[in-house]
Amino acid sequence: MAVSHADNAAHARSSSTRRARRPDPRRDARGETRPDPRPGARDEPRAPGVPVSEPVGTPAPGERPDPASMRARYRADGLPEEGLAPDPVTQFGRWFAESVGAGVYEPNAMVLSTVDERGVPSSRTVLMKEYDERGFVFFTHYGSRKGRDIAANPRVSLLFPWHPIARQVIVSGTARRTDRGESARYFRTRPHGSQLGAWASDQSAPVASREELDRRYAELAERYPEAEDVPAPPLWGGFRVEPEAVEFWQGRENRLHDRLRYVRGAGGRWTVERLCP
């Protein structure tokens, strides 16, 4: 069948319209630019006055990354003692709010480091779900490696790595189980799938295959449909890390970073000391 020039022009206009209407993944439904979670992204929103780190030495596409050539230029006003809160929890609250306002991806993610009964260390990322003057709370399976480590040696370290704004917070303290009521209350707020996942996974134990894990989950989903209440597993619950020292690290130029550490003394009184970078 013959196609006229007019038909070709109409088809071209239609194709152009379809291409123009293709959604831009960088923009939301209102046409506003989405925040870029990558460290050093130039269009990343951040709270006024919050410092950022600017990466240097990014390899070209296809090149093998050279860690020795990777640098970051830190730009910050610094962390003077005069501006600190009287206690580390209040200071943490300020920085945590600023990390959220700056668009840091999962600002409540923290690296938990533990040591087992043989002195072998291990680290993993967990999510902080609560903090107050009593400490920092996360939830897990008590039979997991971290749970067993804490049972043998409750002294732990937490690290909040807020790289996009050139900040870190390092907490040293003692981990203790939360009471059963607190754990159960939090468990009820979890999404239904996460509740089932807590039952399906015998955390840190070997499993025969991914199919075996999926089979366990499917059986639980059949037993506890969406409308059913899922009880908290008996070996699942929270730990609260009671801080004994909290360091606030602020990136500065020339690697002369600011490091201010709160240390708990007699009677629970906090003192602050400056550490060399």
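The values are calculated or read from the model by the stated rules, or taken from the named source; none is laboratory data. The model shown is predicted, which means the values in this text are computed figures rather than measured ones. In this analysis, Cβ positions are derived from the backbone assuming ideal geometry, glycine residues included, and neighbour counts consider all displayed protein chains. These area figures cover heavy atoms from the full protein model, side chains too; ligands, DNA and RNA do not enter into them. Shrake-Rupley method; radii C 1.70, N 1.55, O 1.52, S 1.80 Å.
Within the stretch 262-276, being in contact with a helix residue (DSSP H, G or I) (Cβ under 9 Å, 6 or more places away or on another chain) and open to solvent by 10 Å² or more (accessible area, probe 1.4 Å) holds for 264, 270, 272, 274. Between 226, 222, the distinction of being assigned to a loop (DSSP other than H, G, I, E, B), on the phi < 0 side of the Ramachandran plot, modelled with pLDDT under 95 and over 27 Å from the mean Cα position of the chain (by Cα) belongs to 226 only. The set of residues in the stretch 98-126 being on the phi > 0 side of the Ramachandran plot and open to solvent by 60 Å² or more (accessible area, probe 1.4 Å) consists of 106 alone.
Table: residues versus (1) under 30 Å from residue 98 (Cβ atoms); (2) not aliphatic (A, V, I, L, M).
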| site | (1), (2) |
| --- | --- |
| 151 | no, no |
| 164 | yes, yes |
| 175 | yes, no |
| 203 | no, yes |
| 229 | no, yes |
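Against the numbered list (1) in contact with a helix residue (DSSP H, G or I) (Cβ under 8 Å, 6 or more places away or on another chain); (2) modelled with pLDDT of 95 or more; (3) open to solvent by 10 Å² or more (accessible area, probe 1.4 Å); (4) within 30 Å of residue 227 (Cα to Cα), residue 167 comes up short only at (4). Among the residues of the stretch 232-250, at least one is out of contact with any helix residue (DSSP H, G or I) (no Cβ under 6 Å at 6 or more places or on another chain), free of Cβ contacts under 8 Å to residues at least 40 places away in the same chain and not aromatic (Phe, Trp, Tyr).
Pairs are defined by a Cβ separation below 7 Å, a sequence spacing of at least 6 or placement on different chains, a first member in the stretch 75-88 that is free of Cβ contacts under 8 Å to residues at least 24 places away in the same chain, and a second member that is open to solvent by 20 Å² or more (accessible area, probe 1.4 Å); the pairs so defined are 85/94. Taken together, the residues in the stretch 201-218 that are in contact (Cβ under 8 Å) with a residue 12 or more places away in the chain, more than 18 Å from residue 147 (Cα to Cα) and loosely packed, with under 11 Cβ neighbours inside 10 Å amount to 0. Screening the stretch 177-210 for residues that are touching a Lys or Arg at 6+ places or on another chain (Cβ under 6 Å) and not β-branched (Val, Ile, Thr) and picking the one that is modelled with the highest pLDDT gives 200. Residues in the stretch 174-200 that are within 16 Å of residue 231 (Cβ to Cβ) and of a type in the set (Gly, Ala, Ser) were compared, and the one that is surrounded by the fewest Cβ atoms within 10 Å (Cβ to Cβ) is 181.
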